[in-house]
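**Q** Quick one: the structure is below, questions incoming.
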Amino acid sequence: MEAASEELPPSELGTKEYWDSVYGRELTYFSKHGDIGEVWFGEDCMERVVDWVLSSSQLEPHSSIVDVGCGNGAFLLYLAADGYTNLTGIDYSEKAIELARAVAEEKKYNVKYERVDLTSEENDIGIRGKTFDLCHDKGTYDAISLCPEDVQKKRSAYIKAIHHITKENGLFIITSCNWTHNELIQHFCKYFIKEHIIPSPTFMFGGKVGSSVSTVVFRKIQ
């Protein structure tokens with residue numbers, strides 16, 4: 001079942017215009033000060049995923065990895081620094097791609113970046129026909145889920161696109177601050193099975209234990 005019983009309230013964070021504005025400012029700041037900008041959900045969250053990738057027996061430095069909604073490319077920079085060589089970043093924001101390319105060039109890392117919108121068949125030409133050993137999403141599905149228009153259609157298109165670009169028996173890692181582990185498993189269950197849950201720090205409120213983010217490792221099943 002791809003559609004959730006309840007949708008998230010719409011937000012400007014679900015619009016391309018918002019992210020073009022954000023990354024436009026960060027691109028200007030990087031050109032002046034050399035700061036790559038914010039790491040969404042924090043570096044600790046990203047490092048937990050990177051550590052899992054580095055420790056996985058299913059992935060090698062030559063494995064093909066795509067960061068979906070790459071933003072400034074921080075996740076791929078971590079992997080490049082650890083010797084991974086087959087790295088691609090995609091984002092629907094042209095400003096994000098400009099920033100990611102500028103950062104990678106400054107750091108002399110060979111990472112490929114393409115502007116791709118996986119929610120629109122008209123805008124996925126750059127990725128069509130390519131498949132990856134690992135697809136990674138940190139916050140991109142969240143942003144799509146906040147889109148003010150056609151949110152169910154866009155979430156469904158995104159899920160199908162992730163299935164399409166993941167190799168047979170390949171992996172998909174997703175981190176969300178809006179959906180729980182169980183909700184993510186429900187949303188992606190048509191095409192993926194849960195392989196692992198990457199733990200995150202927990203907190204207690206009202207006698208219940210929760211976490212600020214959910215990270216699930218999926219394996220493609222068909």
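**Q** Mind listing whichever residues of region 91-113 are outside any loop (DSSP other than H, G, I, E, B), within 16 Å of the chain's Cα centre (by Cα) and either among the hydrophobic types (A, V, I, L, M, F, W, C) or crowded, with 17+ Cβ neighbours inside 10 Å (or both)?
**A** The answer is ASP91, ALA96, ILE97, ALA100, TYR113.
**Q** Related question: Only one residue in LEU8, LEU27 is assigned to a helix (DSSP H, G or I), in contact (Cβ under 8 Å) with a residue 40 or more places away in the chain, among the aliphatic types (A, V, I, L, M) and open to solvent by 10 Å² or more (accessible area, probe 1.4 Å). Which one? Show your work before the answer.
**A** Working: LEU8 fails: assigned to a helix (DSSP H, G or I).
Going through LEU8, LEU27 in turn, the sole match is LEU27.
**Q** Test each condition in (1) open to solvent by less than 10 Å² (accessible area, probe 1.4 Å); (2) under 23 Å from PHE41 (Cα atoms); (3) not in a helix (DSSP H, G or I) for TYR158 and report the one that comes out false.
**A** So the condition that TYR158 fails would be (3).
**Q** Also, quick follow-up: Of the residues that sit in region 30-47 and are assigned to a helix (DSSP H, G or I) and open to solvent by 70 Å² or more (accessible area, probe 1.4 Å), which one is farthest from ALA81 (Cα to Cα)?
**A** That would be LYS32.
**Q** Answer with yes or no whether CYS70 is in a loop (DSSP other than H, G, I, E, B) and surrounded by 24 or more Cβ atoms within 10 Å (Cβ to Cβ).
**A** In short, yes.
**Q** Of all residues in region 147-183, count the ones that are without any contact (Cβ under 8 Å) to a residue 40 or more places away in the chain and aliphatic (A, V, I, L, M).
**A** Residues that pass the stated criteria total 1.
The values are calculated or read from the model by the stated rules, or taken from the named source; none is laboratory data. Note that this is a predicted model, so its numbers are computed, not measured. For neighbour counting, all protein chains shown are included, and Cβ atoms are generated from backbone atoms with ideal geometry for every residue, glycine included. The area values use the complete protein model at the heavy-atom level, side chains included, leaving out ligands, DNA and RNA. Shrake-Rupley method; radii C 1.70, N 1.55, O 1.52, S 1.80 Å.
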